[in-house]
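Student: First the structure, which I've put down as structure tokens, then a few questions once you've had a look.
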Amino acid sequence: MSPLTEDESHTLLTIARRSLEAAILGREAPDSRGCSGVLQEHRGAFVTLRRHGELRGCIGHVEPDKPLAQTVAECAASAALYDPRFPAVTPREIPQVNIEISVLSPLADISPEDIEIGVHGLMISNGFRRGLLLPQVPGEWGWDREDFLDQTCVKAGLPANAWRRGARIQAFTTEIVAEPEDAATVPSHAAGSHSPTRQ
């Protein structure tokens, strides 16, 4: 998985910001088809919105079936308007919302004992049910490995111990780019990379 350059990170944040604003203000979405390099690679990604440090929306696309730039543009708009846990972001909130983008590595099967907190995100599935949590989530909640597995099962609508009973466990890593918390309207590169839906 090729890492993002600083210019690519800045471009990705700009695409996300413009797509978010266009969705909220009812304007035409910006065209992301002119991007090159990693931004044209097919990658999964999540876009997380925070307002004053609190979660304000998070939507992602796990399957790498679209160019990264297009995935991020669509997820930014959806996170602003369609996360069912929150009302749509209002025009007045736009300057207060910060954007964080998590670019996903391919999913890979993993044994519970090999999961590293803060490094791996998880997807657990059984039949048609599946749940995903990003690598940063257990650190935010103070979870250990078993808590993380339990909560990912719950996210999937499965019993918390389903990971012990044959549910499929897959891991991924993320490369994160984010706007500075005190300047939501000025995209900047603040990347942290780690080496293997809604938040």
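Taken together, the values in this text are just the output of simple stated rules run on the coordinates, not laboratory data. Just so we're clear, the structure is a prediction, and the values are computed from it rather than from any experiment. Note that each Cβ is placed from the backbone with ideal geometry, even for glycine, and that neighbours are counted across all protein chains shown.
Student: Roughly how many nanometres apart are two label points built 7 Å out from the Cα toward the Cβ at ILE94 and ASP31?
Tutor: Modelled inter-label distance: 2.1 nm.
Student: Based on the Kirkwood radius over alpha-carbon pairs, what value in µm²/s does the Stokes-Einstein equation return for the translational diffusion coefficient of the chain at 20 °C and 1.002 mPa s?
Tutor: 126 µm²/s
Student: Taking other Cβ within 10 Å of each residue's Cβ, how do PHE128, PHE86 sort, fewest first?
Tutor: Sorted ascending by nearby Cβ count, the order is PHE128, PHE86.
Student: Could you run the Debye sum over the Cα atoms of the range 108-172, one equal point scatterer each and no solvent, and tell me log10 of I(q)/I(0) at q = 0.15, 0.29 Å⁻¹, two decimals?
Tutor: Result of the Debye calculation: -0.35, -1.39.
Student: Hey, what do the phi angles of the range 138-151 turn into as Karplus ³J(HN,Hα) couplings, whole Hz, using 6.51/-1.76/1.60 and θ = phi - 60°, x for Gly and Pro?
Tutor: Coupling constants for the range 138-151: x, x, 5, 9, x, 7, 8, 4, 5, 4, 4, 4, 4, 5 Hz.
Student: If you don't mind, another one. How would you rank 26-35, 142-151, 76-85, highest first, on the average number of other Cβ atoms within 10 Å across their residues?
Tutor: For the peptides 26-35, 142-151, 76-85, the packing ranking is 76-85, 142-151, 26-35.
Student: What does the helix-only formula give at 222 nm for the chain: each DSSP H stretch with n ≥ 4 adding -39500 (n - 2.57), the total divided by the residues, and the result rounded to the nearest 500 deg cm²/dmol?
Tutor: -8000 deg cm²/dmol
Student: Further, regarding this structure: Per-residue counts of other Cβ atoms within 10 Å, averaged by peptide: what ranking do you get for 40-50, 3-13, highest first?
Tutor: My ranking of the peptides, most packed first, is 40-50, 3-13.
Student: Could you give the nm distance between label points at ASP65 and ASP7, where each point is 7 Å from its Cα heading toward the beta carbon?
Tutor: 3.2 nm
Student: Here's a follow-up. Read phi for every residue in the range 21-28 and hand back ³J(HN,Hα) as whole Hz from Karplus 6.51 cos²θ - 1.76 cosθ + 1.60, θ = phi - 60°, with x for Gly and Pro.
Tutor: Calculated HN-Hα couplings, in order: 5, 4, 5, 5, 8, x, 9, 5 Hz.
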